[in-house]
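Colleague: I'd like to ask some things about the structure below.
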């Protein structure tokens, strides 16, 4: 999975990945993001190229949310419809800032 | 010897020249001969005329002698009858005629002396050329009156024609020789009282006539026409003595018209008669054998012609010798050298010094041989390099079969039958990752070293790029770009790539302008497979490539080839063609895929009937044997697909590919596909995570299609567990209090339209149905 991480400015991390957050890639995605989370206040996950999310991906999102709720905020942008459907189905839309 | 050689032509020309010359010479010889004949005839005529004139002179002299004697006789009778005086005068007269032998005056009986019956005076010329009287004739015993000559002459003389000739006779009393006598009359008052005679010894005439012998075998006749008597004859074929005095007709060749004819035949020879009438009425005929007349001339001409012919032969021989030496021999030498060069012997040199042109040509030949030698050396080294190149090229293609003996999932065989030179066909195959096996067959446009180099580069490039885990389309696009970048020579490549997942049997084809593959599903025959068509490689850097996908079942066979097979031609210029290939390949027993290659190759060769192969023939055969540990799929029918395999995180990819293929095949909506993917991932993950926590186990997935719904059944033999019994997680809880457990099955339940669980035959069976939107 192709993952791009960018520190936009002090305390702000922008993550863009392409592919599926499935059994194959979710763990890698979570690890790479978590490694960069020190001193991050604003985490932006760009889901423009995420075509699919499985429960294991939701798990990663939940972990990230739980960590970020301690040090700042998490925002998911450009969510595509299939992924949005899953987030809605599982109630994740209720606590995650999604746009 | 062929007529079309220089030698024969020049000999012909020489011969023609010789013949022409001979004709001319013969013509001149003929003219010379004719002219010579005329001259000779004239010469002889003149000669004989002269002789006749001489004889005439003798005759006239004799006749005059006779006349003088007669006059003297008249005077003797008339004046004094003084015998001494008469004798003296007679001797004097004879002295005046040196040619006369002898003669006298003879009187009739009792004319001079009435007492004497006979009275004559006779003198003759002795051997000392003295004229002396011969008194034996004066004796009474010599009855001259009865002698033939007297009786012939006396009655015939007249005053007007006073000289008469006797016939030849033998004078027994005198010289006892054959002679003729001329006589003139002695008159007294108109009465003939006697005759004078002058003797002409025939032997002397014959002697003269014999001298008158222009050629050895010529002969003469002296005849007395008046008396019609033969006087002298030198005809060697006749008995002369018996003929003398006989009529002229006695001679067989004689006739009155001899003067008018040019020749007569006698004793099998041709004789030319020269007839001269003498003044006393005699005729002199000289007969010369024509052969002898011209013998000298003919001899002369023959010698001349012989010299000419000898000269001609010598000239011809010199010409032939010259030609042979200066043209034929050099040509032969040059030909021999050319033969030797042709046979590969380049070390022979020839030396020709003359003529200059051939010397130059020989030098050229020698130089040529040297050049050929050098060129051959170069070519040999080029050829060895070429064959080396061919070997390198051949060895660059994988040629150990089976290449992956430990892989039971497939069998592959490939081979290239190169055309004469190194060519542009190639094939290759390798794993591009653990499960994806790629094979390709390609044909570089063009032949020879450049195509081979390009092929090698391209083959390496493809191998390199194929390992870089791109998607197949990306991979080909990248390869195409790289080829375009380095393609200044304008080569292009047709290529067919197949990528088979050996675990699932999924196959991806990318056809870049190549011949369509032949594919056989296990139960049917080979068929040409229509693929998405693409542009050839190397044409446009930005070209995009479409892939075609399919699923291989156990025993399915793919046959790919290059146009060297379908475009092989026979002696009638027919192409082997795709139809023939299809027929051939469907006739082959294909238990072993090598047999397919062997059969196709031999069938193409049989078809070509010995016509040289103009292009490489390359074949690659791939057979999918199925995955042992992961029998990917058993196709039930078009509406039902079954997947079976070991459930593991690694194998999930294969399952997912299978699922994708089925979805694509059924052309399912992306939404349904997404749902199936989501459901599959959650259930599959649960199975390998929870149903088989300790050791790996099998999962079987059935996808069934109905008009309005897709049913998906998961079976496993793991720990019995009904996921539907698990309470749903509370999705309304704030995140702080949530864990992620149970979310998966919750999502499944919310995604599918129906879901049920059974445990049967130690199997967890989860059946889900998704309704299709209208």
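Residue by residue, here is whether (1) assigned to a helix (DSSP H, G or I); (2) at the interface with chain B (Cβ under 9 Å from one of its Cβ atoms); (3) touching a residue at least 12 places away in the same chain (Cβ under 8 Å) holds:
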residue	(1), (2), (3)
A:44	no, no, yes
A:49	no, no, yes
A:52	no, yes, yes
A:65	yes, yes, yes
A:70	yes, no, no
A:76	no, no, yes
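Colleague: Further question: Would it be correct to say that residue B:610 is assigned to a helix (DSSP H, G or I), under 43 Å from the mean Cα position of the chain (by Cα) and modelled with pLDDT under 90?
Modeller: No, not satisfied.
Colleague: Considering only segment B:714-752, how many residues are within 14 Å of another protein chain (Cβ to nearest Cβ), in a loop (DSSP other than H, G, I, E, B) and in contact (Cβ under 8 Å) with a residue 40 or more places away in the chain?
Modeller: Final tally of qualifying residues: 1.
Colleague: With the condition kept exactly as written, say whether any residue in segment B:676-688 is at pLDDT 90 or above, farther than 30 Å from residue A:66 by Cβ and not in a loop (DSSP other than H, G, I, E, B).
Modeller: Scanning segment B:676-688, I find at least one residue that is at pLDDT 90 or above, farther than 30 Å from residue A:66 by Cβ and not in a loop (DSSP other than H, G, I, E, B), so the answer is yes.
Colleague: Quick test for you: out of A:57, A:19, pick the one residue that is under 23 Å from residue B:745 (Cα atoms) and part of a helix (DSSP H, G or I).
Modeller: Criteria check complete, one pass: A:57.
Colleague: Please state which of the following conditions residue A:29 fails to meet, knowing it meets all the rest: (1) crowded, with 16+ Cβ neighbours inside 10 Å; (2) closer than 19 Å to residue B:685 by Cα; (3) within 14 Å of another protein chain (Cβ to nearest Cβ).
Modeller: (3)
Colleague: If the requirement is being touching a residue at least 12 places away in the same chain (Cβ under 8 Å) and within 14 Å of chain B (Cβ to nearest Cβ), which of these qualifies: A:3, A:23?
Modeller: When all the criteria are applied, what remains is A:23.
Colleague: Can you pull out the residues in segment A:84-99 that are in contact with a strand residue (DSSP E or B) (Cβ under 7 Å, 6 or more places away or on another chain) and within 10 Å of chain B (Cβ to nearest Cβ)?
Modeller: Result: A:86, A:96.
Colleague: Residue under question is residue B:335, and the condition is that it be without any contact (Cβ under 8 Å) to a residue 24 or more places away in the chain, assigned to a helix (DSSP H, G or I) and over 30 Å from residue B:43 (Cβ atoms); does it hold?
Modeller: Criteria met by residue B:335.
Colleague: Any residue in segment B:30-53 that is over 60 Å from the mean Cα position of the chain (by Cα), under 22 Å from residue B:129 (Cβ atoms), part of a helix (DSSP H, G or I) and at pLDDT 85 or above?
Modeller: Looking for residues that are over 60 Å from the mean Cα position of the chain (by Cα), under 22 Å from residue B:129 (Cβ atoms), part of a helix (DSSP H, G or I) and at pLDDT 85 or above, one finds none in segment B:30-53, hence no.
Colleague: Does residue B:668 satisfy being outside the structural domain of residue B:547 (by TED's automatic domain parsing), closer than 21 Å to residue A:86 by Cβ and in contact (Cβ under 8 Å) with a residue 12 or more places away in the chain?
Modeller: Criteria met by residue B:668.
Colleague: Among (1) modelled with pLDDT under 80; (2) surrounded by 14 or more Cβ atoms within 10 Å (Cβ to Cβ); (3) in a helix (DSSP H, G or I), where does residue B:325 come up short?
Modeller: It is condition (2) that residue B:325 fails.
Colleague: Residues that are free of Cβ contacts under 8 Å to residues at least 40 places away in the same chain, in contact with a helix residue (DSSP H, G or I) (Cβ under 6 Å, 6 or more places away or on another chain) and within 21 Å of residue B:44 (Cβ to Cβ): does segment B:244-255 have at least one?
Modeller: yes
Colleague: Taking segment B:663-684, which residues are out of contact with any helix residue (DSSP H, G or I) (no Cβ under 7 Å at 6 or more places or on another chain) and buried (at least 22 other Cβ atoms within 10 Å of the Cβ)?
Modeller: B:681
Colleague: Would you mind telling me which numbered condition in (1) within 14 Å of chain A (Cβ to nearest Cβ); (2) farther than 25 Å from residue B:433 by Cβ; (3) modelled with pLDDT under 85 residue B:695 fails?
Modeller: (1)
Colleague: Further question on the same structure: I'm trying to understand the selection: among the residues of segment B:640-654, which are part of a helix (DSSP H, G or I), over 15 Å from residue B:695 (Cβ atoms) and in contact with a helix residue (DSSP H, G or I) (Cβ under 7 Å, 6 or more places away or on another chain)?
Modeller: B:652
Colleague: Take segment B:547-567 and flag every residue that is surrounded by fewer than 24 Cβ atoms within 10 Å (Cβ to Cβ) and in a loop (DSSP other than H, G, I, E, B).
Modeller: Passing the criteria: B:547, B:553, B:554, B:555, B:556, B:567.
Colleague: Here is a further query. Given (1) more than 13 Å from chain B (Cβ to nearest Cβ); (2) closer than 25 Å to residue B:676 by Cα; (3) free of Cβ contacts under 8 Å to residues at least 12 places away in the same chain, where does residue A:35 come up short, assuming only one miss?
Modeller: (2)
The values are calculated or read from the model by the stated rules, or taken from the named source; none is laboratory data. From a predicted model like this one, the values you see are computed outputs, not experimental measurements. Glycine gets a Cβ as well: all are built from the backbone with ideal geometry, and neighbour counts include every protein chain shown.
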